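Read through the structure below, which is laid out as structure tokens, and then see the notes.
The values are calculated or read from the model by the stated rules, or taken from the named source; none is laboratory data. Note that this is a predicted model, so its numbers are computed, not measured. So basically every Cβ, Gly included, is an ideal-geometry build from the backbone, and we count neighbours across all protein chains shown.
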Amino acid sequence: MTVTHLEGKGFRNLLDFSLSFGQGVNILYGDNAQGKTNLLEALWMFTGSRSFRGAKDAELIRFEEKKASLTLQFKAQGRDQEAQLQIGDGKQALLNGVGPSPVSVLNGQFCAVVFAPGHLSLVKEGPEGRRRFLDQAICQVWPKYASLLGEYHRCLHQRNMLLKDVAFHSQLLDTLDIWEHFLSSYGGQICSIRMRYLERLAPTAAALYGEMSGDKEALYIAYHSKAQGVPWDKSIEEALKQSRKDDIAAGYTTVGPHRDDLKLLLDGKPAKNYGSQGQQRSIVLSLKMAEADVLKGITGEQPVLLLDDVMSELDPRRQDTILNHAGAGQVFVTCCDPAPVVRLTEGEVFEVSGGMIRPGLFKEE
Ligand SMILES: Nc1ncnc2c1ncn2[C@@H]1O[C@H](COP(=O)(O)OP(=O)(O)OP(=O)(O)O)[C@@H](O)[C@H]1O
């Protein structure tokens, strides 16, 4: 998958632009707050997902403007394609001239993997971010997984409402059975798919981490569930029944895939508690690059890698591993100082300054 051209109007602080990109590494450099991340975000929007910064649609539109539009030309599935995004009163997409349609039509059509500094929360914070990482990655390879998650959360909402009512109307207790049955069925499928995905992701991420650390440190990734057991649907149903009393007291469902986690261990110890900044950053990068590899293995398409401010806090070996690995496909990497990146890899260079993007190297090395 390769981005050949991107045009934008009214997007964030970026002045209207029309840019062609190289097939390998594209380096976007400039001082802080010039628009580098905004450009990555513009590309990311074509995956059909929400902004990787969690921005609302209105925040993507330039101050004082009412709408923004982006046009992407890319090569995928062996042919040239074009996608357009209109952001204004809602968000709509056109794919190869067909539309306007909901942006979900872009799911699985244009694939990208993004690393942004905020993603360090994947290691540093609670399980929610790790579940989101896993679920988003799976949605890119199996778009139907998104509707399975939707059904699961719909049933979860129903059970949670009922848990609150049961505390006052005990005759409703039997009604819990039906929602627990549905939750176990959808939840069982979710857990099985997550496990199948992890069987591919975990060894790839561990190998990449090993390469980054010169095989001095070992990364171990495992799925962690309170309802662990085989088969999943039976173990979830059992766990839900066992936790009924606690759940009624809490007023929400305390077991199931919406509470599961990924264990990230470095040399056998939780990376969250013991990993250094550089190690934590390397873990997230290993996960992200492994996500790209798995996506390629399943769909045959190498996703575009978007790396925002990736180099800081990494020693030269780790930087080198990333750029070498990323070099297999197309990558967009942002940095303040282009010199170290330019030294490590060849590629197209773009200066981003005050929202203006210019191809070429304008800073002294
Ligand atoms: N909707 C918007 N309209 C106009 N400007 C915006 C909008 N949203 C964000 N900005 C501005 O865009 C600027 C650049 O943001 P961006 O995150 O792309 O910076 P950056 O070049 O990646 O910087 P850093 O190196 O610090 O990460 C910020 O100053 C921000 O105020």
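Take the residues in region 65-90 that are farther than 27 Å from residue 22 by Cα and part of a strand (DSSP E or B), then tell me which one is modelled with the highest pLDDT.
Looking at the filtered set, the residue picked out is 88.
If you scan region 256-299, which residues turn out to be small (Gly, Ala, Ser) and either within 16 Å of residue 208 (Cβ to Cβ) or outside the structural domain of residue 213 (by TED's automatic domain parsing) (or both)?
271, 275, 278, 282, 286, 290, 292, 297
Would you point out which residue out of 18, 51 is touching a strand residue (DSSP E or B) at 6+ places or on another chain (Cβ under 7 Å) and assigned by TED's automatic domain parsing to the domain that holds residue 82?
The conditions single out 18.
Exactly one of (1) assigned by TED's automatic domain parsing to the domain that holds residue 358; (2) more than 12 Å from the ligand (Cβ to nearest atom); (3) modelled with pLDDT under 95 is unmet by residue 126. Its number?
For residue 126, the failing item is (1).
Of all residues in region 333-365, count the ones that are in contact with a helix residue (DSSP H, G or I) (Cβ under 6 Å, 6 or more places away or on another chain), over 16 Å from residue 322 (Cα atoms) and surrounded by fewer than 20 Cβ atoms within 10 Å (Cβ to Cβ).
1
Residue 171 - would you say it is under 30 Å from residue 289 (Cβ atoms), out of contact with any Leu (no Cβ under 9 Å at 6 or more places or on another chain), surrounded by fewer than 18 Cβ atoms within 10 Å (Cβ to Cβ) and free of Cβ contacts under 8 Å to residues at least 12 places away in the same chain?
no
Has region 269-291 got at least one residue that is surrounded by fewer than 20 Cβ atoms within 10 Å (Cβ to Cβ) and of a type in the set (A, V, I, L, M, F, W, C)?
no
Report whether or not residue 187 is touching a Pro at 6+ places or on another chain (Cβ under 7 Å), in the same structural domain as residue 285 (by TED's automatic domain parsing) and modelled with pLDDT of 90 or more.
yes
Conditions tested, residue by residue: (1) over 17 Å from the mean Cα position of the chain (by Cα); (2) modelled with pLDDT of 95 or more; (3) crowded, with 17+ Cβ neighbours inside 10 Å; (4) assigned to a loop (DSSP other than H, G, I, E, B).
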site: 23; (1), (2), (3), (4): yes, no, no, yes
site: 37; (1), (2), (3), (4): no, yes, yes, no
site: 41; (1), (2), (3), (4): no, yes, yes, no
site: 63; (1), (2), (3), (4): yes, yes, no, yes
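Restricting the first residue to region 35-63 and requiring it to be on the phi > 0 side of the Ramachandran plot, which pairs with a second residue that is outside any helix (DSSP H, G or I) and near the ligand (Cβ under 10 Å from one of its atoms) meet a Cβ separation below 9 Å and a spacing of at least six or different chains?
The qualifying pairs are 35/12; 35/13; 35/14; 35/28; 35/352; 35/353; 35/354; 35/355.
Output the residues belonging to region 43-61 that are near the ligand (Cβ under 10 Å from one of its atoms) and either among the hydrophobic types (A, V, I, L, M, F, W, C) or not in a loop (DSSP other than H, G, I, E, B) (or both).
55, 58, 59, 60, 61
Can you tell me which residues in region 144-159 are in a helix (DSSP H, G or I) and of a type outside the set (A, V, I, L, M, F, W, C)?
145, 147, 150, 151, 152, 153, 154, 157, 158, 159
Quick test of your reading of the structure: residue 18 fulfils all but one of (1) of a type in the set (Gly, Ala, Ser); (2) more than 22 Å from residue 361 (Cα to Cα); (3) in a strand (DSSP E or B). Name the failing condition by number.
Every condition holds for residue 18 apart from (2).
Which residue is modelled with the lowest pLDDT, if the candidates are limited to region 237-255 and must be surrounded by 19 or more Cβ atoms within 10 Å (Cβ to Cβ) and of a type in the set (Asp, Glu)?
Among residues in region 237-255 that are surrounded by 19 or more Cβ atoms within 10 Å (Cβ to Cβ) and of a type in the set (Asp, Glu), the one modelled with the lowest pLDDT is 237.
Do we find a residue being without any contact (Cβ under 8 Å) to a residue 12 or more places away in the chain, under 17 Å from residue 264 (Cα atoms) and either hydrophobic (A, V, I, L, M, F, W, C) or part of a helix (DSSP H, G or I) (or both) anywhere in region 188-195?
No, region 188-195 has no match at all.
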